[in-house]
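Here the structure comes first, spelled out in structure tokens, and everything after it is commentary.
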Amino acid sequence: MTGVAAHALAARSIAVADTNGDGKPDAVTVNALSQSADVLLGDGAAGFGAAVGYRVGGTPEISAFGDLNGDGVVDLVIAGAAIFGARSLLGNGLGGFGPPVATAFISGLQGLTLGDADADGNIDLVASSTGDAIWIVPGDGLGGLGPPRKIPVAGRPKQVALADLNVDGIVDVITLTDATDTVSVLLGNGNGTFGAGTLYGTAGDGAPSQRLT
């Protein structure tokens, strides 16, 4: 099912990026039952063309975009609870993607994002898992992902994001935990390692967040 008209089953998430370099946002859905990622090219007028599907295997549920091999073209990484690790698909610059390449490290990934976590100029994968951990998977700049490093984070981290939270020029990690309803902030050291998490309580009633540790 590579590059053919798609019939998605059980779409789980959507991401947006300019996959063909025409300056117009495109959409990609990941679909659990059809084991596919579907690309819908944007027309620049809030519309999309017909979906084109790419077989990725497993049960894909989440995705992220980034330039894994430094060629200026958007690449795609997908994961899911039943996928052991993650799978990356290199973009061809025309809105299409190559075959999935597996990076195995753990199943049960809940969230993922791409960014330069170790300040080496290459895009890395950062993922959260149900096993009370986040994973830093360094990119090699050629499209490959290296051996993962596990960082314990209590409370079943579900979502994960990268940002320079203390404006020191170093990327930090922020996660949302499923079991404890807290936000965990791990400040980066600039080399792909991170400090212990600082927890902040979430308040659904509009009250200010409370620092817990």
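The values are calculated or read from the model by the stated rules, or taken from the named source; none is laboratory data. Since we're looking at a predicted model, the values are computed, not measured. Glycine also receives a Cβ, built like all others from the backbone with ideal geometry; neighbour counts cover every protein chain displayed. Quick note on the areas: whole protein, heavy atoms, side chains included, nothing else; ligands and nucleic acids left out. Shrake-Rupley method; radii C 1.70, N 1.55, O 1.52, S 1.80 Å.
Report in % the part of the accessible area of the chain that belongs to carbon and sulfur, leaving out ligands and nucleic acids; probe 1.4 Å. Don't jump to the answer; show the numbers that get you there.
Numbers: 5400 of 9590 Å².
Of the solvent-accessible surface of the chain, carbon and sulfur hold 56 percent.
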Could you state the principal axis extents of the C-alpha atoms in segment 62-169, from the largest down, to the nearest angstrom? 41, 37, 21
Starting from 0 in steps of 10 Å, tell me what percent of the Cα-Cα pairs of the chain lands in each bin. 9, 33, 34, 20, 4, 0
For segment 70-83, take each phi angle, set θ = phi - 60°, evaluate the Karplus expression 6.51 cos²θ - 1.76 cosθ + 1.60, and give the result in whole Hz per residue in order, putting x for glycine and proline. x, 9, x, 10, 6, 10, 10, 10, 10, 7, x, 4, 9, 9
Computed for the chain: size of charge dipole around the Cα centre, +1 on C-beta of each Lys and Arg, -1 on C-beta of each Asp and Glu, debye to nearest 20, value 660
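Just to confirm, what accessible area per residue do you get for the chain at 1.4 Å probe, in whole Å²? Each step should come with its number before you reach the end.
Working: 9590 Å² over 213 residues.
The answer is 45 Å² per residue.
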For LEU33 and ASN92, what is the calculated FRET efficiency with R₀ set at 30 Å and r taken between the beta-carbons, to the nearest 0.05? 0.70
Placing each pseudo-label 7 Å from Cα in the direction of the beta carbon, ALA46 and ASP18 end up separated by a distance in nanometres of 2.1
Can you work out the Karplus-derived ³J(HN,Hα) for every residue in segment 93-110? Use 6.51 cos²θ - 1.76 cosθ + 1.60 with θ = phi - 60°, whole Hz, and x for glycine or proline. x, 10, x, x, 9, x, x, x, 10, 7, 10, 8, 8, 6, 8, x, 5, 10
